[in-house]
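For reference, the structure discussed in these notes is given below.
The values are calculated or read from the model by the stated rules, or taken from the named source; none is laboratory data. These numbers were taken from a predicted model, which means no experiment stands behind them. Quick reminder, even Gly has a Cβ in these numbers, built from the backbone with ideal geometry, and neighbours come from all protein chains shown.
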């Protein structure tokens, strides 16, 4: 079956679709590619051009699953990324997740559109025709076209884009309030042979919601299943702005409560704490600054000090008040713990493995930042 013809473009002018005299407002420019190689090159170019990663969306069909919905499907997302065309930019993209849509296919998604797609529910179709107050007339529309409509694309273009993605075409989009950023993305997409480029005005509320979801992690609902997602964590070693912050534990010694040496703290994984207006934040200095430590990375030596490896220890097990970080574990337990891959992003399923091993609650479900 041949691919459907692309819809006619709307807005802009013949020479510059981004020409406008209106003040800055969020826009989303979207591109389809015939293969993942062109898409990977475009993403690499976007990264080298210093495009803000929180504005980059990616939708890529990974595989078609068993048609029987009772068949369980699991994936460790960090391994999927390593085997896909996103390997070169996997650690740069934000909000990476593996979603299972009702068509029983799994999709590798990232960025604002991916975050909103994960929240689409059957009973609440998104806005259409670029107007935030309208809803799509066809309530049976699929989740991907609804997500695209939420970002301002017309129903016919959303449907076309969805059909191409379902057929295997990678989709990349850039959402920004800066015309220069969108225009630069347009040039990049054209330079790497995008087969379709579309532009839409995105409602500010959708843009803000998507950015919040990128900070807090995906929140699934309806018939969209989040098979796995990259944890919304940051590392001190890749965030120089926190170098002298009170959560910087690097270089401190780790020990058991009985004083046995465990190794050295070499990094900290933390997330931005998102609080509601009027919420009384906990009293620690880290929380006052809006961050929560989730893991301390301990470098432990192998046999006779050879073959050092890193272990991500849940922060709820660590007492970080003193220079020596006491960890509620034993030397044997720590050395047998799952190893931390320094080159791969940490996914939720990786976190499940770590939390299960150390017998601590899943913090993203319990909402607890400390031990009781």
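Tabulated results
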read-out	value
Matching residues in the range 23-48 - criterion: being out of contact with any strand residue (DSSP E or B) (no Cβ under 9 Å at 6 or more places or on another chain), assigned to a loop (DSSP other than H, G, I, E, B) and under 17 Å from residue 110 (Cβ atoms)	none
Which listed residue is modelled with pLDDT under 90 and on the phi > 0 side of the Ramachandran plot, from 217, 152	217
Residue 17 vs. criteria modelled with pLDDT under 55 and in the same structural domain as residue 185 (by TED's automatic domain parsing)	no
Pick from the range 340-369, criterion farther than 18 Å from residue 328 by Cα and part of a loop (DSSP other than H, G, I, E, B), ranking: modelled with the lowest pLDDT	367
Which listed residue, of 184, 210, 147, is closer than 28 Å to residue 230 by Cβ, part of a helix (DSSP H, G or I), out of contact with any helix residue (DSSP H, G or I) (no Cβ under 8 Å at 6 or more places or on another chain) and at pLDDT 90 or above	184
Selected residue (only one of 89, 80 is more than 26 Å from residue 201 (Cβ to Cβ), modelled with pLDDT under 55, touching a strand residue (DSSP E or B) at 6+ places or on another chain (Cβ under 9 Å) and in the same structural domain as residue 61 (by TED's automatic domain parsing))	80
Number of positions in the range 310-330 that are buried (at least 17 other Cβ atoms within 10 Å of the Cβ) and out of contact with any strand residue (DSSP E or B) (no Cβ under 8 Å at 6 or more places or on another chain)	1
Which numbered condition residue 222 misses (of (1) at pLDDT 90 or above; (2) farther than 22 Å from residue 34 by Cα)	(1)
Tally of residues being farther than 25 Å from residue 44 by Cβ, in a helix (DSSP H, G or I) and in contact with a helix residue (DSSP H, G or I) (Cβ under 8 Å, 6 or more places away or on another chain) across the range 152-165	5
